[in-house]
Structures are given as C-alpha cells and as structure tokens.
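The values are calculated or read from the model by the stated rules, or taken from the named source; none is laboratory data. This one's a predicted model, so the numbers in the text were calculated from it and none came from an experiment. Heads up, the Cβs are rebuilt from the backbone with ideal geometry, glycines too, and the neighbour counts pull from every protein chain shown. Each accessible area value is taken on the protein alone, full model and side chains, heavy atoms only, with ligands, DNA and RNA left out. Shrake-Rupley method; radii C 1.70, N 1.55, O 1.52, S 1.80 Å.
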Amino acid sequence: QLHSDVDKGDGSIKYILSGEGASSIFIIDENTGDIHATKRLDREEQAYYTLRAQALDRLTNKPVEPESEFVIKIQDINDNEPKFLDGPYTAGVPEMSPVGTSVVQVTATDADDPTYGNSARVVYSILQGQPYFSVEPKTGVIKTALPNMDREAKDQYLLVIQAKDMVGQNGGLSGTTSVTVTLTDVNDNPPRFPRRSYQYNVPESLPVASVVARIKAADADVGPNAEMEYKIVDGDGLGVFKISVDKETQEGIITIQKELDFEAKTSYTLRIEAANMHVDPRFLSLGPFSDMTTVKIIVEDVDEPPVFTSRLYSMVVSEAAKVGTIIGTVAAHDPDASNSPVRYSIDRNTDLERYFNIDANSGVITTAKSLDRETNAVHNITVLAMESQNPAQVGRGYVAITILDINDNAPEFAMEYETTVCENAQPGQVIQKISAIDKDDPPNGHQFYFSLTAEAANNHNFTLRDNKDNTATVLTRRNGFRRQEQSVFYLPIFIVDSGSPSLSSTNTLTIRVCDCDADGIAQTCNAEAYILPAGLSTGALIAILACVLTLLVLVLLIVTMRRRKKEPLIFDEERDIRENIVRYDDEGGGEEDTEAFDMAALRNLNIIRDTKTRRDVTPEIQFLSRPTFKSIPDNVIFREFIWERLKEADVDPCAPPYDSLQTYAFEGNGSVAESLSSLDSISSNSDQNYDYLSDWGPRFKRLADMYGTGPDCVYS
C-alpha cells in the first residue's frame, strides 16, 4: 500500500502506477494507493518486478510529491518437481565386475529457489533394479550391488531411479527416469567341442583345396572374446590336410593339401585343437581356454581315369622324317585296383591336320604326314588314354613335339629392290646394297655367298662384290648409260647358303636407267620422254584424244542407224508370216488356235535348229528334206533350272530358314510320250505311205513333195 503525507483522506489525491507489469499484472487503487496482483505469479518465470508510483492532485493533475520507485520480490514456494533432463539413460558395465563398480551417474534438476528452504534439495533412490544395482542418494551415481553378474545368464537390466526434493521428506515432489544397463562381454568362457570325435567320408577324386569338413568349438562369449584358432596337433594326415578358421562363423575348415589315393591309404586320423585368441588373465582359474577333438577321415574308392607317367612329354623329330617315323612313346595306367588295360588316341582338336598317329595299344607316336618346320615349329597335341572296360574314364597327357630344321629352303632377296642407275654414273659407283633371307634356322646362323651367274659374269655394265657379311654390293662397270638406248637392265644374282647340303637360288635385280640431278638423285626414269615431240604439250595431247573419241562415237552411231533401217536377210521362223510347221508337245486347241496358246512357248526345248532360211534366196530342193536337229540331254536344262532356283533360295534372306518344298512351274524339256503328230514319222522306220497327199489338191502340194515317194522326190 502506498500513501502520501499530503493525502488528507478527502479524495483530492489520486495514485498512479508505472513500470514492469503495471496495469497487466499489478494495478493500484487511485483513491487508497493499494496495489493488487491480477494473476498468479511464478518465481521461476520472473523473480523481481520494478515499479514506479506517484501521487497527483486530482484537480490539477500535477504531482504533489516526487515519483518513488520500489521493487516487488516474488517469494518462492515448492511448486516444481525434480526433472532428469538427460533421461532416459543407457549404460554398460563388464560382466563379472566387483561390487561397487560405477555404472553411470544420473542428474535431476529442480526449478525452485535453491537459496530458500529445501525446495531444490534433491536426493536419489532406486525404485527398480535391486538387488543388482544401487544409487548414491546425493550424487546419483549408480553402482553394481552384486558380484559375478554373468552376461551369458542375463545381459540387460532396466533400472528406475527417483529424485525427490525437500531432502526426501514427506510432502516433497519427485521425478523418475529409466536406466538401461547392458552387461558387456568378457572372455570368461573357454571353447568346448560338442563331441569328442568326428568322422567324415570323402571320395579319393576330390580335388586339392576342396573342403572336407567344418567343425566348430562352442564358445558362449561373443565378438573378439569368441575368436578362435584351429590347428592339427597330431595324426597321420598332417601333410595331407590343413585347417583354417572362418572369420565370420569361427568354424574350423578342413581342406585337402595333397591328392587322395584310396589304393595308397584308406583313412586318416587328425587331432585338432581349438583355442581362444584373446585370453583374459583374470579368468584363467576357470580352466584352460582350449579344447581337443579327434577327426577321422575315410577315403572312398572311385573309378579313376588313367594316369600318364608324365604330365608333359617333350619329343623331337626332323622335318625330313618320312611318314611312319617313330617319334616317341607315351604311357598311362589305370590307378584303380582293377588295373584295366588302356587304349590311346590323339585328340584331333589339337591335331587338325592329322600330322601324327598313335598306336592304340602301345602308345607309340608316329608321323602321318610330311612335316615342315617353317610352317609349324612346335606341335602341341593331347593324347587321350581310355580304360578298355570303362571308356568314359579318359585321362589326358600332353605332348610337345619340336620339329628339327633341315636345309630345305633356298635363300632369296630380303626385299623387292627398286634399283636405279644414273645416266651420268661413273665406273665403280655403288648403285645397290642387297641382302638375303632364308626361312631355315641353322644352329650357327646364316652365311650367304653372292655372285653373278655364269651368263652375267662377263657383262660390261655391272659387277657384284660379296661383302662377306651376308650382304653384297652392285657396282657399275662403265659410264654413259642412255635411256633411249636401253632403259632397263636385268642382273641375275646367284645366292648360296651354308647349309649341308647347301641350297642356292637365282634372283633377278631390275635396274632402271634414270636422269639424275647433280646430287645423283633420280628425277625421271621414263624412256618415252625422248620420243614425244618437244613442242607438244600435255593439254594439246588431251585435246587431240578427245577429238578422236568424238569421231569414233559419231561413226558408231551412223552405222547403228543404218543397220536398223536395213531389213534382215535371215529367215526367222518366229517372225515368218507364211505357213510353217511348228512342233509342240501339248494337246490343245489345234494348229489354228493361235490366240489361246503361244506356240513358241510350246516348242520342244530339245530342238536346236542348225540353219535359218534367207528371205532373198529362192527355196531350193532342201525343202524336200526334213530339217536336221541336234538333240541335247533331256535333263541338262531342268537340272540347271533347279540349281539356279536352289542358289537363289540359299542366299534369299526372306526364304524360310527350314526345309520346305519349293514348287516351280517349269514344264521341262518335253513330254515323255514325245510328239503325237504323224509328221515326225519321217525320222523313224515307219512304213506309212503319204502318196495320198497328192490327191488332196494344190494346198497340200508342198507336203506331198516333202513326204511323198514319187520319182521326182530327192532325199538328203
């Protein structure tokens, strides 16, 4: 309550309030000066308010006293419970930890005034998690309360911690949080095999590095504490098997190191030890952290393919060896107890040209063809060995046959030489250096000897000098070479190798005469340059040739036009409009039916006429004789027709990609029944008489003359 000394109680003074919360939180009675709070106050939101008050004359509204300032302090009460701002909590502690091992510290805060009373004084207690854990009342540190807590028995605990203010007294406020405690693993469990012995059966054909078995020692620990190593400590399979660990599953993997052989040994016994890799010394009293077991491996017999005495056979043979020469022998045997006989053969995929043969019983390899080292110096073939009783069992042996060289190739020029000699060359001038090659491969290298042939030894143009280093030099013997006299020289060179016996060859060196500059570099080598007129340029030559070609084209056009206008002199029966006799092998509308059938298409394809009648020559007696014909084989045209259609179908991408029946409308070379006309009887031995044709009138006079037997008829 505010009161001014000037206030007489007559209502002439009024009070006003300003500052923090004035009119909103705090109001003043302007008549009495009483200050009231309009709402509930919270110290945790604002603990102090600063206000200003003044007394004014109600009539003049002027201050009667100076403005005064005062502070309102909010008095705290216990209205806030403790809170765990970081909860809920998770923590871990190693298993088997001693009592009192610290796990985690929890902290609760109280928003009340810690300087006033016990409203903010908190104590901690455990509501859930006993008797395994405890909590310090003042600090909130959680500790283990029992010894030897085993993770393998229970690995997780849920605790409920309470924080209560007012020092835990009645009437105090409280808050709770949860704490999840996980027991972390320690290596307190040694590995143990579930069984004292194991037995596995494996076939003897199992390849090297194959897995025989997987065994695992049980360990209740996890992570690095469960990591193990396995080793074979004893047994008769130390060198045959090995064991390794699978890092993911911690299993021991037994694999084969050497090939198994049932005939040599039928079983193996292994003593295997499993041990932890990380041992905790605190728990050595729990026993040795390792264990032993016995593994017995039984080898099963299988039918094995034949085995060669060597993985690779190396043989040599001369390329001069004759067919049937023995190169060498391979041998294989059946490793099984039955010891079945073996038969040999060559895998022809490795000897496509069939250069070699092998005796099926003895394994002797011989040559089947002439060999050429220069074509193939080494032949790698595969020999197959099959059991006689079970051909499905096939063994493979590999043979490398090296072909020994003989001197069977003559030396020749190392390259195609383009040799030139200048017109102004001087005697003794080097114009070419030559070398030779030989496809043979002598053990001491090549040695070639060069010389001119006997015919060329005494020529006056060039000579040859052997450099004794497998090269030779060609030199000029004279000067004054002229292209217009001779533009090309051919120099035969005789080359001999050092083989035994030696071989030789004659190679021709072509030397062209050229015009050279001052440095001896060839400019032109064409002899025709001297023949062309000096005043005729290239452009003029082209113009002349163009004119000649134009004239030739004009002449050809004129000749062609004249030949088209000129009526042909050859009588063509297809264009003849006079009466003629047409032979056809078809039963149709008769000779007068020329619209329904094309007579030319019905002509017998076997007939090839020798002569055609001239229009400008009067027919003579040859009309009395029947025209002669040449006959070709009946099936030639038909066979060619079918083959052409077959080729077209083979290359046609649209043709069906499978066997199909192709039908072609082709009549062939004629009817099997031959002609039904009686006109063909003149070529046979028929006794029919055609004299009656003379009685039929003038329209049949020509037929009577051709086929009649009168005295005026002449037969050819």
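Okay, residues lined up against (1) open to solvent by 80 Å² or more (accessible area, probe 1.4 Å); (2) of a type outside the set (Val, Ile, Thr); (3) modelled with pLDDT of 90 or more; (4) in contact with a helix residue (DSSP H, G or I) (Cβ under 7 Å, 6 or more places away or on another chain):
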{"position": "LEU491", "(1), (2), (3), (4)": "no, yes, yes, no"}
{"position": "SER500", "(1), (2), (3), (4)": "yes, yes, no, no"}
{"position": "SER504", "(1), (2), (3), (4)": "no, yes, yes, no"}
{"position": "THR510", "(1), (2), (3), (4)": "no, no, yes, no"}
{"position": "VAL513", "(1), (2), (3), (4)": "no, no, yes, no"}
{"position": "CYS516", "(1), (2), (3), (4)": "no, yes, no, no"}
{"position": "ALA522", "(1), (2), (3), (4)": "no, yes, no, no"}
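In the set (1) out of contact with any Gly (no Cβ under 8 Å at 6 or more places or on another chain); (2) crowded, with 16+ Cβ neighbours inside 10 Å, the condition left unmet by SER362 is number (2).
Selection of the stretch 3-32 for residues being within 17 Å of VAL71 (Cβ to Cβ) and either touching a Ser or Thr at 6+ places or on another chain (Cβ under 8 Å) or among the basic types (Lys, Arg) (or both) yields LEU17, GLY19, GLU20, ILE25, PHE26. Scanning the stretch 443-483 for residues that are at positive phi and not basic (Lys, Arg) yields GLY445, ASN470, GLY480. Is it true that some residue in the stretch 288-306 is open to solvent by less than 70 Å² (accessible area, probe 1.4 Å), closer than 30 Å to THR402 by Cβ and either part of a loop (DSSP other than H, G, I, E, B) or in contact with a helix residue (DSSP H, G or I) (Cβ under 7 Å, 6 or more places away or on another chain) (or both)? Yes; the residues of the stretch 288-306 include at least one that is open to solvent by less than 70 Å² (accessible area, probe 1.4 Å), closer than 30 Å to THR402 by Cβ and either part of a loop (DSSP other than H, G, I, E, B) or in contact with a helix residue (DSSP H, G or I) (Cβ under 7 Å, 6 or more places away or on another chain) (or both). Kindly establish whether ALA145 is in contact with a strand residue (DSSP E or B) (Cβ under 8 Å, 6 or more places away or on another chain) and of a type in the set (Gly, Ala, Ser). When the stated conditions are applied, ALA145 passes them. Would you call ILE346 open to solvent by 20 Å² or more (accessible area, probe 1.4 Å) and either hydroxyl-bearing (Ser, Thr, Tyr) or within 17 Å of ALA400 (Cβ to Cβ) (or both)? Considered against the rule, which asks whether it is open to solvent by 20 Å² or more (accessible area, probe 1.4 Å) and either hydroxyl-bearing (Ser, Thr, Tyr) or within 17 Å of ALA400 (Cβ to Cβ) (or both), ILE346 comes out as no.
Restricting attention to the stretch 111-142, the residues that are buried (at least 17 other Cβ atoms within 10 Å of the Cβ) and either touching a Ser or Thr at 6+ places or on another chain (Cβ under 7 Å) or assigned to a strand (DSSP E or B) (or both) add up to 10. If the condition is being touching a His at 6+ places or on another chain (Cβ under 8 Å) and acidic (Asp, Glu), then the stretch 13-63 contributes only ASP29.
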